[in-house]
Amino acid sequence: MNAHDSEKVIGTLVSQGYSQVPTVEEAELVFYNTCSIRDKAEQKVFHRLQQFKRDGKGKTFAVLGCVAQQEGEKIFEKAPHVSMVCGSASYNQLPQMLVQLEAGNRRVTGLSLDTEDTFETPLTRRDNPHRAYITIIEGCDKSCAYCVVPFTRGPERSRTSASVIAESRQLSEIGYTEIQLLGQNVNSYRDPSPAAWNFATLLDSVGHVPGIRRVRFTTSHPRDFVKQIVDAIDENPALCNHVHLPVQSGSTRVLAAMQRLYTRDEYMQRIAWMKSTRRPIAITTDIIVGFPGETEADFEATLGLLDEVEYDSIFSFKYSRRPNTSALALGDHIAEEEKGRRLAILQEKQRQIQIRQNAAYVGKVEECLVEGFNQATGQWIGRTSQNKTLNFLRPVEEGDLTGSYVEARVTRAGPNSLSGEYVH
Ligand code: SAM
Ligand code: SF4
């Protein structure tokens, strides 16, 4: 989502007459987009700003994104060489803010969260030549106890279905075949126009745009993830065989403390929908270990959940205290070493599951979108509908496959990728 925000910001700058340069050294104006989801990410920002200060004489610096929103004008105190601080809810004000910067204003801010607007930039600069991202909903109205996003990205604002479909058509016309719909919680998408589409209808419709062969979406929230979404995937071949459904914990008690608004059983109901489709839907998730009050038994429940679901992959994190969040009141009594121990056990268990899961693909023929060629291994890099990397051999002299859809037979499987041979 941050990468796509950067693409949109670059598009806005280019439309205002700026040009993009490949390195910080060559830039006169440096925009630094930031993440504050965990403390480590935030620390990195201030470290990097110090580096910029040393090496950035004569340049103008702007800090964007969640750290900008969270720290606001305090950034000017911590890093006086910064001239602009702007959160994502104010990106639609960027052209006016740029005018102020050009006029020599040394303290420009865009920090209001009080907006009903979404950030539409028809001139988005797209970095990925195959997969195009489309934001369908910004902000988040949930209040998960650990999460800073509602404070940094503001309330939910959905784009109109007409605007999303029009952008999908334009992308198809310029040659994109894969679209990924983005939002903190795409499932709570509500078309603000009279058509009043829900997420499943929007998803299905994007999957019917001529020329679009693959549609992905992230992120889903189990509370708002309805059966209609699974039915749409089962029926529309353009919708990819993959759902990312963050669970966070396998313990209903911890889920309640996290204010996730579902129980383990309700989550497993959603998993059952996906496992009963005709199509093999890959399921991935996010997990936090060491949330305040997580006991050994709660952690065991999360390990048990991994066995039960058999995820295709997971993102896992140690709980990190974030400003403004309600979990601060619960303390952070689990020691870092213990969080690290739990994380390592969780990741090792998942590695074993992935070895088993991926081994089941050996012998199968999978359709891949070819993303590029790896000079080091001499293999083409393909991505399957299930979002797995499938590397395969085919002499480069026989033509550039980048951007095309090919079939490859899986001959070997590791925990993180598959490898195989070109079929056609
Ligand atoms: N909106 C998405 C969702 O509901 O899952 C994504 C939120 S966040 C950008 C991505 C993941 O970061 C979350 O699913 C969660 O696992 C993790 N995360 C968020 N806040 C965290 C925190 N304070 N400590 C550790 N992990 C956190
Ligand atoms: Fe954060 Fe929860 Fe919103 Fe996801 S749904 S962005 S975890 S508050």
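Each value in this text was obtained by applying a stated rule to the coordinates, not by laboratory testing. Remember, it's a predicted structure, so these values are computed and weren't measured experimentally. Please note: Cβ atoms are built from the backbone with ideal geometry, for glycine as well, and neighbour counts cover all protein chains shown.
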> Quick check: anything in the range 150-160 among the polar types (S, T, N, Q), within 16 Å of ligand 2 (Cβ to nearest atom) and farther than 30 Å from residue 292 by Cα?
Replying inline: yes
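Limited to the range 296-318, what total is found for residues that are within 16 Å of ligand 2 (Cβ to nearest atom) and buried (at least 20 other Cβ atoms within 10 Å of the Cβ)?
Step one: filter the range 296-318 for residues within 16 Å of ligand 2 (Cβ to nearest atom), giving 314-318.
Checking which are buried (at least 20 other Cβ atoms within 10 Å of the Cβ) leaves us with 314.
Of the residues in the range 296-318, 1 are within 16 Å of ligand 2 (Cβ to nearest atom) and buried (at least 20 other Cβ atoms within 10 Å of the Cβ).
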> Which is β-branched (Val, Ile, Thr) and within 16 Å of ligand 2 (Cβ to nearest atom), of 325, 389?
Replying inline: 325
>> If I ask for residues that are within 14 Å of ligand 2 (Cβ to nearest atom), out of contact with any His (no Cβ under 7 Å at 6 or more places or on another chain) and not hydroxyl-bearing (Ser, Thr, Tyr), which ones from the range 119-149 would you list?
In response: 137, 138, 139, 140, 141, 144, 145, 147, 148, 149
> When you scan the range 252-281, how many residues do you find that are assigned to a loop (DSSP other than H, G, I, E, B), of a type outside the set (D, E, K, R), in contact (Cβ under 8 Å) with a residue 40 or more places away in the chain and farther than 23 Å from residue 140 by Cβ?
Replying inline: 3
> residue 138 passes all but one of (1) of a type in the set (D, E, K, R); (2) within 16 Å of ligand 1 (Cβ to nearest atom); (3) surrounded by fewer than 21 Cβ atoms within 10 Å (Cβ to Cβ); which number fails?
Replying inline: (3)
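Of the residues 172, 205, 161, 193, only one is more than 16 Å from ligand 1 (Cβ to nearest atom) and in contact with a Gly (Cβ under 6 Å, 6 or more places away or on another chain); which?
Details: 205 fails: in contact with a Gly (Cβ under 6 Å, 6 or more places away or on another chain); 161 fails: in contact with a Gly (Cβ under 6 Å, 6 or more places away or on another chain); 193 fails: in contact with a Gly (Cβ under 6 Å, 6 or more places away or on another chain).
Only one candidate qualifies: 172.
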> Can you tell me which residues in the range 28-50 are within 16 Å of ligand 1 (Cβ to nearest atom) and not charged (D, E, K, R)?
Replying inline: 33, 34, 35, 36, 37, 41, 43, 45
> What are the residue pairs meeting all of these: first residue in the range 311-328, first residue under 18 Å from residue 142 (Cα atoms), second residue acidic (Asp, Glu) and more than 7 Å from ligand 1 (Cβ to nearest atom), Cβ atoms under 6 Å, and 6 or more apart or on different chains?
Replying inline: 321/332
> For the range 240-269, what are the residues that are within 16 Å of ligand 2 (Cβ to nearest atom), buried (at least 22 other Cβ atoms within 10 Å of the Cβ) and not aliphatic (A, V, I, L, M)?
Replying inline: 248, 249, 260, 267
> From the residues in the range 296-310 that are in contact (Cβ under 8 Å) with a residue 24 or more places away in the chain and away from ligand 1 (no atom under 16 Å from the Cβ), which one is farthest from residue 237 (Cα to Cα)?
Replying inline: 297
>> Being at positive phi, of a type outside the set (Ser, Thr, Tyr) and without any contact (Cβ under 8 Å) to a residue 40 or more places away in the chain: is that true of residue 378 here?
In response: yes
>> With the structure loaded, tell me whether residue 12 is under 21 Å from residue 127 (Cα atoms), of a type in the set (Ser, Thr, Tyr) and out of contact with any Ser or Thr (no Cβ under 9 Å at 6 or more places or on another chain) or whether it fails that test.
In response: no
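Does residue 283 fit the bill of being more than 20 Å from residue 264 (Cβ to Cβ) and away from ligand 2 (no atom under 16 Å from the Cβ)?
So residue 283 fails the test.
Among the residues of the range 17-38, write down those that are surrounded by 13 or more Cβ atoms within 10 Å (Cβ to Cβ) and either of a type in the set (Ser, Thr, Tyr) or farther than 16 Å from residue 64 by Cα (or both).
Matches in the range 17-38: 18, 27, 32, 34, 36, 38.
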>> It is to be established whether one or more residues within the range 148-159 are crowded, with 17+ Cβ neighbours inside 10 Å and within 25 Å of residue 238 (Cβ to Cβ).
In response: yes
>> Is it the case, given these coordinates, that residue 186 is without any contact (Cβ under 8 Å) to a residue 40 or more places away in the chain and buried (at least 22 other Cβ atoms within 10 Å of the Cβ)?
In response: no
>> What are the pairs with Cβ atoms under 9 angstrom where one residue, in the range 191-219, is at positive phi and the other, located anywhere, is outside any helix (DSSP H, G or I) and of a type in the set (Val, Ile, Thr)? Sequence gap at least six, or different chains.
In response: 211/177
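Which one of 209, 289 is among the β-branched types (Val, Ile, Thr) and touching a Leu at 6+ places or on another chain (Cβ under 6 Å)? First the steps, then the outcome.
Numbers: 209 fails: touching a Leu at 6+ places or on another chain (Cβ under 6 Å).
Among 209, 289, only 289 is among the β-branched types (Val, Ile, Thr) and touching a Leu at 6+ places or on another chain (Cβ under 6 Å).
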> Of all the residues that make up the range 204-231, how many are within 19 Å of the chain's Cα centre (by Cα), among the basic types (Lys, Arg) and either more than 16 Å from ligand 2 (Cβ to nearest atom) or in a loop (DSSP other than H, G, I, E, B) (or both)?
Replying inline: 2
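Tell me, which strands (runs of 3 or more DSSP E) lie completely within the range 340-424 with 2 or more residues that are more than 30 Å from residue 317 (Cα to Cα) and of a type in the set (A, V, I, L, M)?
Details: elements: 365-374, 379-384, 389-393, 405-413, 418-422.
Counting at least 2 such residues, we get 365-374, 405-413.
Looking at 145, 166, can you tell me which residue is of a type in the set (A, V, I, L, M, F, W, C), within 11 Å of ligand 1 (Cβ to nearest atom) and surrounded by fewer than 20 Cβ atoms within 10 Å (Cβ to Cβ)?
Values: 166 fails: within 11 Å of ligand 1 (Cβ to nearest atom).
None of the other options fit; the residue is 145.
Using the structure shown, decide if residue 234 is surrounded by fewer than 15 Cβ atoms within 10 Å (Cβ to Cβ) and assigned to a helix (DSSP H, G or I). Walk me through how you get there before you give the answer.
Values: surrounded by fewer than 15 Cβ atoms within 10 Å (Cβ to Cβ): no; assigned to a helix (DSSP H, G or I): yes.
Spelling it out, it is not the case that residue 234 is surrounded by fewer than 15 Cβ atoms within 10 Å (Cβ to Cβ) and assigned to a helix (DSSP H, G or I).
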